[in-house]
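The values are calculated or read from the model by the stated rules, or taken from the named source; none is laboratory data. In this text, all values refer to a predicted model and were calculated from it rather than measured experimentally. When we count neighbours, we look across all protein chains shown, and the Cβ atoms used for this are built from the backbone with ideal geometry, even at glycine.
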Amino acid sequence: MNDRASDDELDALRRRVEALERALRRKSRQIAMLLDRMPAERYPDARRILEGRPLEARLARQPGDWEESTELVPADVEEVLTDLWAATRRDDGEGGA
């Protein structure tokens, strides 16, 4: 009787390990697919998400996002100032001030 219970428990554990391995392979494929489609400059964001950390505030005017124009829009000024202030107030020591 005891051997039968042990065999049943062992079989249940094997099934659970197999299910976990399948889930791990599926998640690994999903992460690889995301990284293949994601621009390299966003990799730090992906890493923070996978580590369970919050995303950093992204500056509204990253060099790659610049649009040349001679027109100044007040909303742009407010957004840029807000982002600059946020960048100097980072708690993780990466920002200025």
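When Arg58 is tested against (1) surrounded by 10 or more Cβ atoms within 10 Å (Cβ to Cβ); (2) within 14 Å of the chain's Cα centre (by Cα); (3) at pLDDT 75 or above; (4) not acidic (Asp, Glu), exactly one condition is not met: (3).
Against the test of being over 30 Å from Arg89 (Cα atoms), modelled with pLDDT of 85 or more and not assigned by TED's automatic domain parsing to the domain that holds Leu84, the options Met38, Met33 yield a single qualifying residue, Met33.
Based on what the data block shows, is Asp3 of a type outside the set (Ser, Thr, Tyr), at pLDDT 80 or above and loosely packed, with under 10 Cβ neighbours inside 10 Å? When the stated conditions are applied, Asp3 passes them. In the stretch 62-84, the count of residues that are at pLDDT 90 or above and surrounded by 10 or more Cβ atoms within 10 Å (Cβ to Cβ) is zero.
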